[in-house]
Amino acid sequence: QKEVEQDPGPLSVPEGAIVSLNCTYSNSAFQYFMWYRQYSRKGPELLMYTYSSGNKEDGRFTAQVDKSSKYISLFIRDSQPSDSATYLCAMNRGTSYGKLTFGQGTILTVHP
Amino acid sequence: ETGVTQSPTHLIKTRGQQVTLRCSSQSGHNTVSWYQQALGQGPQFIFQYYREEENGRGNFPPRFSGLQFPNYSSELNVNALELDDSALYLCASSATRDRNTGELFFGEGSRLTVL
C-alpha cells in the first residue's frame, strides 16, 4: 500500500465549476501537507501548505486537512482554463527537510 | 532572483551507460533535493544535500549518487542505466529557514530516456 493515495482522474470540468481534489495517507507521522501544481513539461510549483488540521484559504484555493481521518483536500472555486494542470498532494514529517512524499497526481482539465 | 535551473533538459542514453545531471539552486538556498518522476506518477525522493553532505535518502540503489558544491549547485549521477531509469529528474532547492515546511522550489527537470 502506498503511503499517499491520490485519484489520478483525469478530471474534466466546465469553466466556473468548483473542483475538489483529495488525498488519503496512512502514515500518522506526516505533519506538513502541501499541494503542488504541475503544468505540462514544467516542474511542480507550490500552491499551498498547511500544518494543522483545518482550512486554509488563498484566493480561489482552499486547502483542508483532517488528521484524524488522514485525509486532505484542495478546493478550487470559479475554476479557469488556466487551472488545467496536474495537481499533486505532498506530505512531510517535519524532520526530514526536503523529503516530500507525493501522491500520484490528478490531471485536471477546465474547458471554456 | 534566479530560479532553479537544470541541465540538460533532454537526453537519450543506452542501457549500461552513465549519466550526470546538473542543477543550480535558487539564490540564497543551501539545500538541494533530487526527485525522480516516472510518466503518470508523482515525484519520488532520491536524496537531499545540505552543506555538501547527503542528508537523507529515499529508496534508490547506490548507483544513484550525488554531489553538492560550495556554491550549492548539485549533480545527480546514475551509473549502469536501466530501462526503468527513464523518467523526469527534478531538482528542488530550499532555504534552511524553510526546512520544515516542505516549501521546495523545483526546476523544470531533465528528461532522461534509456534505450
### Task
Pop the C-beta distance of A:ASN55 and B:GLU82 into the FRET formula with R0 = 45 Å and round what comes out to the nearest 0.05.
0.55
### Query
Hey, which lysines would be in cross-link range of B:LYS13, C-alpha to C-alpha under 23 Å, not counting anything within fewer than 8 residues on its own chain?
A:LYS42
### Task
Taking only Cα atoms and a 10 Å spring cutoff, compute GNM fluctuations for chain A and point out the largest among A:ASP78, A:ASP58, A:ASP66.
A:ASP58
### Message
On a straight-distance basis, which lysines could pair with A:LYS99 in a cross-link, Cα separation under 17 angstrom, same-chain partners fewer than 8 positions away excluded?
### Response
A:LYS2
### Query
Looking at A:PHE61, A:SER20, A:TYR39, which one has the Cα that reaches farthest to the positive end of the dipole of chain A (charges on Cβ: Lys, Arg +1; Asp, Glu -1)?
A:TYR39
### Message
Given a Förster distance of 35 Å, report the FRET efficiency between B:ARG57 and A:ARG77 from their Cβ-Cβ distance, rounded to the nearest 0.05.
### Response
0.30
### Task
Output ³J(HN,Hα) for the stretch B:62-73: one whole-Hz value per residue in order, computed from phi by the Karplus curve 6.51 cos²θ - 1.76 cosθ + 1.60 with θ = phi - 60°, and x for Gly and Pro.
x, 5, 9, 9, x, 9, 10, 9, x, 8, 6, 5
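Per-residue Cβ counts within 10 Å, from other chains only, averaged over A:98-108: what number is that?
Across A:98-108, the average partner-chain Cβ count within 10 Å equals 6.
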### Task
Taking a cut-off of 17 Å between Cα atoms, list the lysines near A:LYS56, but don't count ones fewer than 8 places away on the same chain.
A:LYS67, A:LYS70
### Task
Grab the eigenvalues of the alpha-carbon gyration tensor for the stretch A:1-97, scale each by 5, take roots, and send me the semi-axes largest first in whole angstrom.
23, 14, 13
### Query
Mind checking the dipole of the stretch A:1-59: about its Cα centre, +1 per Lys or Arg Cβ, -1 per Asp or Glu Cβ, Debye to the nearest 20?
200
### Task
Grab the Cα-Cα distance for B:ALA95 and B:GLN18, subtract it from 0.36 nm times how many residues apart they are, and report the gain in nm with one decimal.
24.7 nm
#### Entry: Taking the convex hull of Cα positions in chain B, its mean projected area over all directions (nm²)
6.7
### Summary
Here the percent of antiparallel bridges among DSSP beta bridges lying wholly in chain B, to the nearest 5, is 90
### Message
If you average the alpha carbon positions of the stretch B:1-40 and of the stretch A:44-112, how far apart do those two centres end up, in angstrom?
### Response
24
### Message
As an exercise, use a Förster radius of 30 Å and the Cβ-Cβ distance of B:THR113 and A:THR109 to find the FRET efficiency, rounded to the nearest 0.05.
### Response
0.70
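We did not get these values from a lab; they are worked out from the coordinates using the rules stated. Only a predicted model underlies this, so the values are computations on that prediction, with no experimental measurement involved. Positions of Cβ are generated from backbone atoms using ideal geometry, with glycine treated the same way; all protein chains shown enter the neighbour counts.
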